[in-house]
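In what follows, a structure is listed as structure tokens, so that the remarks can point back to it.
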Amino acid sequence: MDNGMVTRVVRNTLVIFSGQILGRLLDLWATLLIANAYGEIGYGRFSFAIAFVGYFAILTDLGFNM
């Protein structure tokens, strides 16, 4: 591989990695924000509702997203 291609691969890898880190930080921030806004009981209900809907999303997919 020439030097330009190596630079491009490294840059693209860093962009993807940075995007994943940023996404995880935004998820953490949103979780803390929702937990703070709803309180313990409200956040528990919210989490249960998200998990409940998630189970139905898995059932509706049935592995057809291949």
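Descriptive notes on the structure:
- Every residue from the range 1-29 that is more than 10 Å from the chain's Cα centre (by Cα) and among the acidic types (Asp, Glu): 2
- Pair list, Cβ < 7 Å and 6+ apart or interchain, from the range 24-45 residues that are exposed (fewer than 10 other Cβ atoms within 10 Å of the Cβ) to residues that are modelled with pLDDT of 95 or more and not in a helix (DSSP H, G or I): none
- Residue in the range 29-40 that is not in a helix (DSSP H, G or I) and not small (Gly, Ala, Ser) present: no
The values are calculated or read from the model by the stated rules, or taken from the named source; none is laboratory data. Everything quoted here is computed from the prediction, not taken from an experiment. Here the Cβ is made from the backbone with ideal geometry for all residues, glycine too, and neighbour counts use every protein chain on show.
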